[in-house]
Amino acid sequence: MAISIKKVGVVGGGLMGAGIAQTVAQAGYDVIMAEVNQELLDRGMERVTGAWTMLTGKGKITEAQAAEYRGRFRGTLDLADFSDRDLVIEAIIENQDEKKKLFKTLDGILSEGALLVSNTSSLPVVEMASVTGRQTRVAGLHFFNPAPVMKLVEVVRTIVTSDETIETLKEFARSLGKTPIVAKDSAGFIVNFLLIPYMLAAIRMYEHGMASMEDIDTGMKLGCGYPMGPFELLDYVGLDTTLWAAEAIYKEFPDEAYAPPTLLRRMVQAGRYGKKNGKGFWNLDEG
């Protein structure tokens, strides 16, 4: 039997957190988005409300719809405001220690029946569940970027997640207009377990001088019908995010296919993260 969800909390106002909050508010839910300081909260709020302004300007939604969405969305700096939430979605940095710290805090705030999920793309969800007293009601709920557009959501089942929790999250994903797929709580889940070695292989090809980035991207787009080449996709996903995911999968599955190439590490060390800061494999600031 599915649990009723009406009020949702999102922790994190970055690209993913804001996109998830936007998506959930548009689907009719009451949404609170939390950040750690006012500057980050303001930036996250602008991402969400700015998206509705843009959609209105393009005629995709009406002014009345935008006003309706804004009316059920607000931000906060105080996690205590989540005490009445039926579901809280964590969308912070891909760092297990930080996620566990947050889950422990939220566990003490949320009502006994509330669900707590992570948007992690690769980290073990059961580790986050282990610091809570609600392990059967903890799972992964992995959205894809950009969350308002991408139709897939991975529902991640740990070894202790209840059937009721999984069914509730699948129903919730469908209510957002998404297609849910269920993955076991193993590093990379379904999509990244297959996608990460493909992107890493492209970096190694370039690193070893086997082909140019332009030709690799063109080859995969025209030869395989992919909408983006691997380097375009890397910049879009985020080089730092790709590195974190690769490291997490390699830790659990020590196969060379998942080992992060040196070039990827150097790019991240140089602060080239991709679309999120305008500099990646392609210099996005210059087109």
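Looking only at region 126-153, which residues have a backbone nitrogen under 18 Å from a spot 7 Å from the Cα of THR179 in the C-beta direction? Hits in region 126-153 for THR179 at 18 Å: 142-153.
In this structure the amide hydrogen of ILE3, modeled in the peptide plane, comes within under 5 Å of the amide hydrogens of THR168, none closer than 5 places in sequence on its chain. How would you classify region 130-194 from its alpha-carbon gyration tensor, with a ≥ b ≥ c the square roots of the eigenvalues: rounded for a/c under 1.5, else prolate if a/b is greater than b/c, otherwise oblate? The shape class here is oblate. Taking θ as phi - 60° and the Karplus parameters 6.51, -1.76 and 1.60, the scalar couplings of region 106-121 work out to 5, 4, x, 9, 6, 5, 4, x, 5, 9, 10, 10, 10, 8, 3, 9 Hz in sequence order, x denoting glycine and proline.
Annotation: amide H-H contacts under 5 Å for VAL10 (H modelled 1.01 Å from N, sequence separation of 5 or more, or interchain): ILE32, MET33, ALA34, ILE89. If you build a Gaussian network model of the chain, linking Cα atoms that sit under 10 Å apart, which residue out of LEU233, LEU141, LEU243 swings the most? Answer for the Gaussian network model of the chain: LEU233. In plain terms, the chain from PHE253 to GLU39 could stretch by 73.2 nm, reckoned as 0.36 nm per residue minus the Cα-Cα distance.
The label point for LEU263 and the one for VAL160, both projected 7 Å from the Cα toward the Cβ, are 4.3 nm apart. Think of each Lys and Arg Cβ as +1 and each Asp and Glu Cβ as -1; about the Cα centre, that makes the dipole of region 191-286 roughly 200 debye. Dipole magnitude for the chain: computed about the Cα centre from +1 point charges on Lys and Arg Cβ and -1 point charges on Asp and Glu Cβ, it is near 380 debye.
Projecting the Cα atoms of VAL268, MET150, ILE249 onto the charge dipole of the chain, computed from C-beta unit charges around the Cα centre, puts MET150 farthest toward the positive end. Specify which residue in the list MET16, LEU110, ASN95 is farthest towards the positive end of the charge dipole of region 1-136, using unit charges on the beta carbon of Lys, Arg (+1) and Asp, Glu (-1), about the Cα centre. Going by the Cα projections, it comes out as MET16.
If I fit a long axis through the Cα atoms of helix 163-175 and take the longest principal axis of the Cα atoms of the chain, what angle between them do I get, 0 to 90°, rounded to 10? It works out to around 80 degrees. Within the listed set THR241, THR53, THR161, the Gaussian network model of the chain (springs between alpha-carbon atoms below 10 Å) gives the highest mean-square fluctuation for THR53.
Restricting to bridges with both residues inside the chain, how much of the DSSP beta-bridge set is antiparallel, in percent to the nearest 5? Numbers along the way, then the final one.
Working: 5 of 31 bridges.
Just about 15 percent of them are antiparallel.
When the chain is treated as a Gaussian network with alpha carbon springs shorter than 10 Å, the biggest mean-square fluctuation among MET210, MET199, MET16 belongs to MET210.
Across region 263-273, rounded Karplus estimates of 3J(HN,Hα) from the backbone phi angles (6.51 cos²θ - 1.76 cosθ + 1.60, θ = phi - 60°) give 4, 4, 4, 5, 4, 5, 4, 7, x, 9, 9 Hz, Gly and Pro being marked x.
For ARG85, the residues whose modelled amide H falls within less than 5 Å of its own, excluding neighbours fewer than 5 places apart on the same chain, are SER111.
For region 43-56, the Karplus equation 6.51 cos²θ - 1.76 cosθ + 1.60, evaluated at θ = phi - 60°, returns couplings of 5, x, 4, 5, 4, 6, 5, x, 5, 5, 5, 5, 5, 5 Hz by residue, with Gly and Pro reported as x.
You can think of it this way: the chain between LYS221 and ILE190 has 8.9 nm of extra reach, that is 0.36 nm per residue less the Cα-Cα gap.
A short reminder: the numbers here are calculations on the coordinates, not readings from a lab. Predicted model only: the values in this text are computed from it and were never measured. Neighbour counts run over all protein chains shown; Cβ positions are idealised from the backbone, glycine included.
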